[in-house]
Amino acid sequence: MTARVPRGFVDRDASELRAQDAMLAKIRRVYETYGFEPVETPVFEYTDALGKFLPDSDRPNEGVFSIEDDDEQWMSLRYDLTAPLARYVAENFETLPKPYRSYRAGYVFRNEKPGPGRFRQFMQFDADIVGAPNVSADAEMAMMMADTMEGLGIPRGQYVIRVNNRKVLDGVLEAIGLGGEENAGRRLTVLRAMDKLDRIGVEGVRQLLGKGRTDESGDFTAGASLSDDEIGFVQQFVEAGSEEDRKRKIQTLIHAMGQGADVLVPLMRAWSEKAQAEAENTARAKANLDDAQITDLLYLFTLHPAGYQSVGETLPVDDNSYFEAHFPDNIYYLKILNTKTVDLYRHHFSKYPSMQEGLNELAAMARMFEEAGYGTQRILIDPSVVRGLEYYTGPVFEAELLFDVTNEKGEVVRFGSVGGGGRYDGLVSRFMSQPVPATGFSIGVSRLMTALKNLGRLETERRIGPVVVTVMDRDRMADYQAMATQLRNALNPKDESGEPLGAPVPVEVFQGNPKQFGKQLQYADRRNAPCVIIQGADEKAAGKVQVKDLALGKELSAQIEGNAEWREARAGQELVDYTPENPEAMIAAVRAILARPSGGGA
RNA sequence: GCGGUUGUAGCUCAGCUGGUUAGAGCGUCGGAUUGUGGCUCCGAAGGUCGGUGGUUCGAACCCACCCAACCGUACCA
């Protein structure tokens, strides 16, 4: 039988677990400052409580791990933390304060094909507000998400929280005649296509909206069979997110403006309502632009939503200083304000009332972001964001990392979203007769940890190893244990109420086969021990112990060549007084080594 | 699910147009050294060559099917 971990699952060692603990503590800290409190639900739920399932099927819902209980009810491992929360809230509705703010971290399970960085068990860390109907709750969630990113040490500008609203997307779909139950399938196809813009480009999206697309591996994906006009409409909407398109259009405009650029660009930089009118006149009179081009100009220079930079670039705190520094010739100078983004969409799509409610909600959120001082560096309203195809009903958001992530092989991997969320007003009410609004988000802890490792923001420093009491004389184990106890107590002090002070300092007696003394030092070395205690017959007779500083010994050994000399030197050792009644000298010697930087005591 | 690539020791990989007993480095373990880590030297263990079937006097190598992993793609509540 070969020992092997199940496919898609991973074992995790001490350093990973410590790093994760540290991460969770930082996230928890942010959530607590927003007034959220913890709750835990089990990893199993009844399958029908999880939301999507196939009724009357022998095998519940592909994609989830399920077992049949002995009462013939199907149970499944949870695949996210949102559906279980909805169940919990519905079940405890009377006793919970509303709005109910809660957070919880836990493993979730997906029975799917694992991929790079994608596992079948992974940790999520969610926060939700249940019973708050207003978009101000959604805005708060987005702001908390930004705070969480920064709380984890991700610098501003290396992440962005992108925000959209399902109702806007629904409006787009309605505008191209995809409303109603009978078009549910095509709606999904269209949304999926829109979501792939940054990966497969405008042309790829057009294909997916039309007849379909064959990718480079030869696999064909069926399209949504939209007409050219409908495709054009979706493209117009979605291209807001295309940086390439933005640059191309700006270049075309600059070219078209000719001499007029000199007067126009400064005007655009000092954007205001008044300046806009002035700019329009200037554009018409001096740069000979037509109305359509002027619209484009304003669109691109003052209102464009695609304000996040290319992956890998680092933004300073302030939006404007970034663009001034980055585009000194002003060609790509863009003024980005979330409220203006929404204004632009309202203007462009004013003919479609179905989109207005979503845009109104986005406008309200944009004002909250701006009043609270959360600029587009942190939270960016981008109506092309597609997320949460199933249960989201209003605002949606996702956290995206903007820096390069390299894997173990040194390859740059596309990372994208590390968390997301939105409003799910229908989820709790599945269990109840009354409607219960809710909003929340989820952080993919495992994925984020991989990314943070790359940023160097993960606490991966090795902890101090144990002080090892070696065994020279097998018959004196009791003496060695006593030494270890004395050291352990002295090095792990407690305050008057019995609470430990400071980080634990491990102390242990060597418990392997003591026959070969060299093995004991090898063990101590491998454990990253700062020092070892040695007491053989000689030391015992003299009332002494050897305290050996392993790091110092290693340094000293650099000059030693021959093995005999190396062994003879006993580098880094100090002979100190020791009797069971008087261990103070030994304790002091160990303390001194722990205090040395090389002793790992810092 | 679809397409491609790859499967030889714990790890990284050699292995010639098919040829007899399948190798190396690293790692592991033991010894040189019954009281001292590193270096050095010596030695050992470790393989159904992914599996099954076929072609052949003979298969790690050729063929078929299967399995798995990786990459892309699709799905991802």
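Test of understanding: what is the full-extension gain from A:Lys113 to A:His347, defined as 0.36 nm times their sequence separation minus their Cα-Cα distance?
In short, 79.9 nm is gained.
Given that compact globular proteins tend to follow 2.2 N^0.38 Å, what is the ratio of the alpha-carbon Rg of segment A:436-525 to that value?
Numbers: Rg = 21.3 Å, N = 90, 2.2 N^0.38 = 12.2 Å.
That ratio works out to 1.75.
Once fully extended, how much extra length lies between A:Thr485 and A:Phe517, figured as 0.36 nm per residue of separation less the alpha-carbon to alpha-carbon distance?
9.4 nm
Name the residues whose placed amide hydrogens come within less than 5 Å of the amide hydrogen of A:Gly210, ignoring near sequence neighbours (fewer than 5 apart) on the same chain.
A:Ala224, A:Ser225, A:Leu226
Calculate the FRET efficiency for A:Asp291 and A:Ser136 from the Cβ-Cβ distance with a Förster distance of 45 Å, rounded to the nearest 0.05.
Computed FRET efficiency for A:Asp291 and A:Ser136: 0.75.
Arranged from highest to lowest average of other beta-carbon atoms within 10 Å per residue, in what order do the peptides A:479-490, A:499-510 appear?
The packing order, highest mean first, is A:479-490, A:499-510.
Check which residues have an amide H placed less than 5 Å from A:Lys544's amide H, if you skip close sequence neighbours.
Answer set, sorted by chain and number: A:Tyr578.
Which whole number of Å³ per residue matches the convex hull of the alpha-carbon atoms in segment A:467-599?
Per-residue hull volume (Cα only) is 116 Å³.
Separation of segment A:84-114 and segment A:354-402 by C-alpha centroid, Å?
Comparing the Cα centres of segment A:84-114 and segment A:354-402, I get a distance of 23 Å.
Could you go through segment A:470-478 in sequence order and give the Karplus-derived ³J(HN,Hα) for each residue, using 6.51 cos²θ - 1.76 cosθ + 1.60 with θ = phi - 60°, rounded to whole Hz, and x for Gly and Pro?
Coupling constants for segment A:470-478: 7, 10, 8, 10, 4, 7, 10, 4, 4 Hz.
With a cut-off of at most 14 other beta carbons within 10 Å, and DSSP calling the residue loop, which trypsin sites (Lys or Arg not before Pro) in segment A:191-223 qualify? Please list them.
Sites meeting the loop and neighbour criteria: A:Lys211.
Out of residues 5 or more away from A:Cys531 or on other chains, whose amide H comes under 5 Å of its own, with H placed 1.01 Å from N in the peptide plane?
Under 5 Å from the amide H of A:Cys531 lie the amide H atoms of A:Val468, A:Leu550, each far enough along the sequence or on another chain.
If you average the C-alpha positions of segment A:118-181 and of segment A:191-230 separately, how far apart do those two centres end up, in angstrom?
Taking the Cα centre of segment A:191-230 as reference, the centre of segment A:118-181 is 25 Å away.
Work out from phi, with θ = phi - 60° and the Karplus expression 6.51 cos²θ - 1.76 cosθ + 1.60, the ³J(HN,Hα) of each residue of segment A:358-372, listed in order in whole Hz, and give x for Gly and Pro.
These are the phi-based 3J(HN,Hα) values: x, 5, 4, 5, 5, 5, 4, 5, 4, 4, 5, 4, 5, 5, 7 Hz.
Packing-wise, with mean Cβ within 10 Å as the measure, how do A:135-147, A:585-597 rank, highest first?
A:135-147, A:585-597
Using a 1.4 Å probe, what is the accessible area per residue for segment A:467-599, in Å²?
Ligands and nucleic acids excluded, the result is 59 Å² per residue.
Please go through the residue pairs A:Lys113/A:Lys196; A:Lys494/A:Lys544; A:Lys211/A:Lys340 and name each one whose alpha carbons sit more than 32 Å apart in this structure.
In this structure, A:Lys211/A:Lys340 exceed 32 Å between Cα atoms.
The values are calculated or read from the model by the stated rules, or taken from the named source; none is laboratory data. No experiment lies behind these values; they were computed from the predicted model shown. Don't worry about glycine lacking a Cβ; one is built from the backbone with ideal geometry, like all the others, and counts go over all protein chains shown. With ligands, DNA and RNA removed, areas are computed over all heavy atoms of the protein, side chains included. Shrake-Rupley method; radii C 1.70, N 1.55, O 1.52, S 1.80 Å.
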